[in-house]
Amino acid sequence: MKSIKEIYRIGYGPSSSHTMGPRHAAQEFLRRAPHSAHNFEVVLYGSLAATGKGHMTDVAIEDVFTKAGKLLKITWEPNTFLPAHPNGMTLRAFNDEGENIYEMTVYSIGGGAIRIEGDKEELSPDIYTKDKLTDILEYCERTGKSYWEYVEECEGPDIWHYLHKVWETMKAAVERGITKEGRLPGPLNLRRKAAQYYIKATGFRDNIKSRGLTFSYALAVSEENASGGEIVTAPTCGSCGVLPGVLYHLWKSRDLPEMRVLRALATAGLIGNIVKQNASISGAEVGCQGEVGVACAMAAAAANQLFGGSPAQIEYAAEMGLEHHLGMTCDPVCGLVQIPCIERNAYAAARALDANIYSTFSDGGHRVSFDKLVQVMKETGHDLPSLYKETSTGGLAKDYKQM
C-alpha cells in the first residue's frame, strides 16, 4: 500500500479524476513525446468525455499544451469505454506529415492518480506492510499503538511536515470559502451558501450552532473546489469538503493543538488508503459511495480519534461512515461538481460526527468489519450501471433542464 500522500493531493478543483488526473497525464505525455512532434490529439473516452466539459477537463488539458506552445485537438467519445477504467484517454503526437509518431493511453483512476497503459515502472513504492484494517487493528491492539503511530512507523517522521501543509491548505480553503458570496461558475447559476450558513449558525446556541458551523465549513471547501480553487483531495476533489469540515469545526470549538489534528489526518488517510488499495475511490468506477462515502468514513475515524476512541471504536466509526453510503450514485447535474455534490459534502460531514458519537457509546464491537464493507462497496459499485457512475446520463442528472 502506497503513501497517504497520494490520498492527500494538493491541487485545484473541480475534479481530481476529471481535472487533476488529465492535467497530470498531459504533462507526462509531453515529457515523453518526441521533440519533433508538431500537432497533438487527445481522445477522451467514457466518463471523461461524458462529463468532461462540466468538470473542465478540456480546460485543464489545453492549459498544459498551450503553455508548451503546442497545437491540440480534443476528441470526445462518451459512448466508448476502454477496458481498464471508465476514465480513459489516448494522447497522440504527429509529425509535420501528419504521421502518428507517439501514442499513450492513460487512465485517471481517482484522487488525481493516473495509470499509464503498458507502463511497468512503479511511480511510487509500497510502504505499508499491511493493507487490511483488521490486520492493522490487531497490530495496534497487540502493541498498544494507535493508527497514527502505525502511519508514522511506515511513512517516517517527515509525514508530519507534509500533513502540516495539508492542514494549512484545508484551513485556507475553509477560511476563503466562508467569506465569499455570489454564484458558482457554470450554467446552473448556483449561489454560494457557506457564508450564509456560517452567519446563521453563529446566531444559534449549542447543538444547532455546532451542526450549522459544520455545514458551513464543509460547504466552504466544496464551493472553493467547484470554483477551481486550491483544495486537498480527501480522498477526491468531489468529496474534499467532508474531512476539513469536521476537523476545522473540532479544532476551532475544542481549541485543539495542531499535532492532534495532524494525527487525526494520519488516521483518516490510512482509512482512505485502505479503500483505494482494496476497492476504489473513483466515482466513475464505483459511484459516489467511493468518494463522499469514503470521505465520511475518513472523517468519522478522525473525529473518533480526537474524542479519545480506541482503535476498535475508530474502526467502527469508519465502518458506519461508509456503510450508510452504500449504493450512492454519482450523477452530477450538467456534469458539474455542484448538484448534488456540494450538499452531499455538508451532509456527510454531519453524518461523520454522528458515526463518531454512535461508536463512542459502544465498546467498538460489531459484526461487519470495515474490510468486509470495503469489499461489498467494490461489488456494489461494479454492479451499478454506467449511467450512475459520473456520466450524467441518469439519476438526478437525467433530463435536467437548465434554468
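The values are calculated or read from the model by the stated rules, or taken from the named source; none is laboratory data. Fair warning: this is a prediction, and the values are worked out from it, not measured in the lab. Positions of Cβ are generated from backbone atoms using ideal geometry, with glycine treated the same way; all protein chains shown enter the neighbour counts. Protein only, heavy atoms only, side chains kept; ligands, DNA and RNA dropped before computing areas. Shrake-Rupley method; radii C 1.70, N 1.55, O 1.52, S 1.80 Å.
Quick one: angle between helix 57-67 and the longest Cα principal axis of the chain, in degrees between 0 and 90, rounded to 10, please.
60
May I ask you to list the lysines whose Cα is less than 22 Å away from that of Lys398, ignoring any residue fewer than eight positions away on the same chain?
Lys53, Lys389
Could you sort 333-343, 206-216 so that the peptide with the highest average Cβ count within 10 Å comes first and the rest follow in order?
Numbers: 333-343: 22.3, 206-216: 17.9.
Averaged packing, sorted descending, gives the order 333-343, 206-216.
In nm, to one decimal, how far is the Glu138 label point from the Gln27 one, both placed 7 Å along Cα→Cβ?
4.0
With runs of 4+ DSSP H residues as the only contributors, calculate the mean residue ellipticity of the chain at 222 nm using -39,500 (n - 2.57) per run, divided by the residue total and rounded to the nearest 500. Before the final figure, lay out the partial values.
Details: 15 runs with 198 residues, N = 403.
Rounded to the nearest 500, the figure is -15500 deg cm²/dmol.
Provide the solvent-accessible area of Leu262, counting protein heavy atoms only and rolling a 1.4 Å probe, rounded to the nearest 10 Å².
Per-residue accessible area (Leu262): approximately 10 Å².
Note down the magnitude of the dipole of the chain about its Cα centre, charges +1 on Lys and Arg C-beta and -1 on Asp and Glu C-beta and zero elsewhere, to the nearest 20 debye.
Numbers: 42 positive and 48 negative charges, 285 e Å.
Charge dipole of the chain: 1360 debye, to the nearest 20.
Sort Ile4, Ile109 by accessible area with a 1.4 Å probe, largest first. Present the calculation step by step, with values, prior to reporting the outcome.
Working: Ile4 0, Ile109 35 Å².
Heavy-atom accessible area, descending, gives Ile109, Ile4.
Express as a percent, rounded to the nearest 5, the fraction of DSSP beta bridges in the chain (both residues included) that run antiparallel. Can you show the working numbers first?
On the way: 21 of 29 bridges.
If we restrict to bridges inside the chain, about 70 percent are antiparallel.
Relative contact order of the chain: what whole-number percent is it, with Cα pairs under 8 angstrom and at least 6 residues apart? Could the numbers behind the result be given before it?
Working: 869 pairs, mean separation 76.3, N = 403.
Reported relative contact order: 19 percent.
Determine how large the accessible area of Trp148 is when every protein chain is in place; take a 1.4 Å probe and give Å² rounded to the nearest 10.
Its heavy atoms expose roughly 50 Å² to the probe.
Determine ³J(HN,Hα), in whole Hz, for all residues of segment 12-27 in sequence, where each value follows from phi through the Karplus function 6.51 cos²θ - 1.76 cosθ + 1.60 and θ = phi - 60°; x replaces Gly and Pro.
10, x, x, 9, 5, 7, 9, 10, 5, x, x, 4, 4, 4, 5, 5
Taking 8 Å as the Cα distance limit and 6 or more residues as the minimum spacing, I'd like the relative contact order of segment 49-168 as a percentage. Write down the numbers at each step before the final one.
Values: 79 pairs, mean separation 14.1, N = 120.
Here the relative contact order equals 12 percent.
Mind listing P(r) for segment 228-329? All alpha-carbon pairs, 10 Å bins, whole percents.
Spelled out bin by bin, segment 228-329 gives 17, 50, 28, 5 percent.
If we sort 301-311, 350-360, 194-204 on the protection proxy, mean other Cβ atoms within 10 Å, highest first, what's the order? Write out the running numbers ahead of the final one.
Numbers: 301-311: 24.0, 350-360: 21.9, 194-204: 16.5.
Put in order of decreasing packing, that is 301-311, 350-360, 194-204.
Sort out for me the Cα centre separation of segment 71-149 from segment 159-205, rounded to whole Å.
29
Taking θ as phi - 60°, what are the ³J(HN,Hα) couplings along segment 318-328 by the Karplus curve (6.51, -1.76, 1.60), each to the nearest whole Hz, with x for Gly and Pro?
Each residue of segment 318-328 in turn: 5, 4, 5, x, 8, 4, 8, 10, 4, x, 5 Hz.
How do Arg367, Arg142, Arg205, Arg192 rank by accessible surface area computed with a 1.4 Å probe, from largest to smallest?
Working: Arg367 230, Arg142 150, Arg205 195, Arg192 20 Å².
Per-residue accessible area, sorted high to low, gives Arg367, Arg205, Arg142, Arg192.
Could you sort 312-318, 372-378 so that the peptide with the highest average Cβ count within 10 Å comes first and the rest follow in order? Walk me through the numbers on the way to the answer.
Details: 312-318: 27.7, 372-378: 19.3.
For the peptides 312-318, 372-378, the packing ranking is 312-318, 372-378.
Using each residue's phi in segment 375-390, evaluate 6.51 cos²θ - 1.76 cosθ + 1.60 at θ = phi - 60° and report the 3J(HN,Hα) Karplus result to the nearest Hz, with x for Gly and Pro.
After applying 6.51 cos²θ - 1.76 cosθ + 1.60, I find 5, 5, 4, 4, 5, 4, x, 5, 7, 5, x, 5, 5, 9, 10, 6 Hz.
Can you tell me, using C-alpha contacts under 8 Å and at least 6 residues apart, the relative contact order of segment 273-403 as a whole percent? Can you show the working numbers first?
Details: 216 pairs, mean separation 48.7, N = 131.
It comes to 37 percent, rounded to a whole number.
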